[in-house]
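I have placed the structure first, in the form of structure tokens, so that the comments after it can refer back to it.
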Amino acid sequence: MLAPTHDPTAIYRYRDSIAAADCLCAAIAHLDLFTLLDREPMTLSALCGRLGIHPRPTDVMLTLFAANRFLARDAEGRFQATPMAREFLVAGGPFDARAYYASMAGKPGVSDWIRVLRTGKPANWPGEEGEADWHAAMRTEAFAESFTAAMDCRGRVLAAALAAALDLRQASRLLDIGGGSGVYAIGCVEAAPQLRATVLEAAPVDGIARRTIAAAGCAERVAVVTADMFVDPWPADHDLHLFSNLLHDWDEPQCRELFAKSVACLPQDGRIVVHDMLLDDDKAGQLWAAEYSVLLAGVTQGRLYSAGEIAGWIRGLGLTIVRICPTALGRSLLEIRRTG
């Protein structure tokens, strides 16, 4: 699997960031958020209580605005408008730009984001009829084909970078949990001749993975196990577990459950690799990650997380973060080792 000749960052960033403008418009035109927080700085929980909105999407929204330096958080965890926001986004500001956004208040994506904030649930996946969210849509053949193809084309940019950043010399068997088309498993076995891999996937994506792996000529080295990763047992003979662009689809309780399942069948000194965009530990950036997290919160049950948040989940599981390394397209590799 070859790395691209040109840098495709802009191509992928436009898509990842597509929902961020709707989030900002909703905050300005529907919530007048910056005026509210200028008058009365509040913590995330206090803001949720005041506006009747849910913590998961509210956390994502506040992270986006902190990354843009529209909001700042004080030592008590209260969010308040920055001088820039007071100039442009607060009622009475000298260059009040709220009317500029009010003209877009009825845009469908803006309405979707307000619904996500009010309900805490995903809005409809763009262009899909009759499905509540991405998770439901992925159970249908047509959508699973379309979405897995989208993730496969991104994976062809990311897989080579992941394999190059990951030390695979001592690994013998890789378990790619929720591995989609198998693109990451393919990239890893191509980079490490001794490595064998298993893709753990639910139907109907499992069939897509088998087809993609066979087309890559890797069927003898990459197997596919059909399973619900939350319900069914995982294979126990793999020393390297991979969560690539997976945790961001799920809320914190489900992420914790995945780590618990992983450590239960991971050998001593085995490794878990999280490959994803990571927020900064202070939840004030990186900007691309903050933008992408809005899209994820709107169509899945998840969002992006920081390395610090993940470290908190695995505390007490006998797991230790040993390395963080950038890969491509704003993603990073978070390497975790079982030490207890």
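The values are calculated or read from the model by the stated rules, or taken from the named source; none is laboratory data. Predicted model only: the values in this text are computed from it and were never measured. Neighbour counts are summed over all protein chains in view; Cβ atoms, including those assigned to glycine, are modelled from backbone coordinates with ideal geometry.
Within region 280-295, restricting attention to residues that are of a type in the set (A, V, I, L, M, F, W, C) and surrounded by fewer than 24 Cβ atoms within 10 Å (Cβ to Cβ), the residue that is nearest to the chain's Cα centre (by Cα) is 295.
Would you check which residues across region 60-97 are within 22 Å of residue 296 (Cα to Cα) and either surrounded by fewer than 16 Cβ atoms within 10 Å (Cβ to Cβ) or not assigned by TED's automatic domain parsing to the domain that holds residue 27 (or both) and list them?
Once the filter is applied, which keeps residues that are within 22 Å of residue 296 (Cα to Cα) and either surrounded by fewer than 16 Cβ atoms within 10 Å (Cβ to Cβ) or not assigned by TED's automatic domain parsing to the domain that holds residue 27 (or both), region 60-97 yields only 69.
Quick one: would you say residue 157 is closer than 21 Å to residue 231 by Cβ, assigned by TED's automatic domain parsing to the domain that holds residue 231 and of a type in the set (A, V, I, L, M)? Considered against the rule, which asks whether it is closer than 21 Å to residue 231 by Cβ, assigned by TED's automatic domain parsing to the domain that holds residue 231 and of a type in the set (A, V, I, L, M), residue 157 comes out as no. It is to be established whether one or more residues within region 317-332 are free of Cβ contacts under 8 Å to residues at least 60 places away in the same chain and more than 29 Å from residue 172 (Cα to Cα). Looking for residues that are free of Cβ contacts under 8 Å to residues at least 60 places away in the same chain and more than 29 Å from residue 172 (Cα to Cα), one finds none in region 317-332, hence no. Check region 175-198 and report whether any residue there is free of Cβ contacts under 8 Å to residues at least 60 places away in the same chain, farther than 18 Å from residue 249 by Cβ and hydroxyl-bearing (Ser, Thr, Tyr). Taking every residue of region 175-198 in turn, at least one turns out to be free of Cβ contacts under 8 Å to residues at least 60 places away in the same chain, farther than 18 Å from residue 249 by Cβ and hydroxyl-bearing (Ser, Thr, Tyr).
When residues of region 45-78 are filtered for being more than 19 Å from residue 114 (Cβ to Cβ) and not basic (Lys, Arg), how many remain? Number of matching residues: 10. Of all the numbered requirements in (1) closer than 16 Å to residue 100 by Cβ; (2) surrounded by fewer than 24 Cβ atoms within 10 Å (Cβ to Cβ); (3) small (Gly, Ala, Ser), residue 45 misses one, and that requirement is (1). Name the pairs whose Cβ atoms lie under 6 Å apart, with the first residue in region 91-103 and on the phi < 0 side of the Ramachandran plot and assigned to a loop (DSSP other than H, G, I, E, B), the second surrounded by 12 or more Cβ atoms within 10 Å (Cβ to Cβ) and hydrophobic (A, V, I, L, M, F, W, C), and 6 or more positions between them or separate chains? Partner pairs satisfying both residue conditions: 95/88; 97/88. Annotation: residue 2 fulfils all but one of (1) over 21 Å from residue 297 (Cα atoms); (2) of a type in the set (A, V, I, L, M, F, W, C); (3) touching an Asp or Glu at 6+ places or on another chain (Cβ under 7 Å); the unmet one is (3). Using the structure shown, decide if residue 314 is in the same structural domain as residue 173 (by TED's automatic domain parsing), of a type in the set (Val, Ile, Thr), modelled with pLDDT of 95 or more and surrounded by fewer than 16 Cβ atoms within 10 Å (Cβ to Cβ). Spelling it out, it is not the case that residue 314 is in the same structural domain as residue 173 (by TED's automatic domain parsing), of a type in the set (Val, Ile, Thr), modelled with pLDDT of 95 or more and surrounded by fewer than 16 Cβ atoms within 10 Å (Cβ to Cβ). For first residues located in region 227-241 and over 21 Å from residue 269 (Cα atoms), partners that are at pLDDT 95 or above and part of a loop (DSSP other than H, G, I, E, B) and lie 6+ apart or on another chain with Cβ distances below 8 Å form the pairs 227/202; 227/233; 227/234; 228/202; 229/178; 229/202.
Among the helices (runs of 4 or more DSSP H) confined to region 1-87, the ones with at least 3 residues that are in contact with a strand residue (DSSP E or B) (Cβ under 9 Å, 6 or more places away or on another chain) and more than 30 Å from residue 164 (Cβ to Cβ) are located at 33-39, 44-51, 55-67. Contact annotation: residue pairs with Cβ atoms under 6 Å, 6 or more positions apart or on different chains, pairing a residue in region 248-269 that is assigned by TED's automatic domain parsing to the domain that holds residue 231 and buried (at least 18 other Cβ atoms within 10 Å of the Cβ) with a partner that is in a helix (DSSP H, G or I) and not acidic (Asp, Glu), are 248/296; 255/247; 259/313; 259/314. Within region 198-247, the residues that satisfy the criterion of being part of a strand (DSSP E or B) and among the β-branched types (Val, Ile, Thr) are 198, 199, 222, 224, 225, 226.
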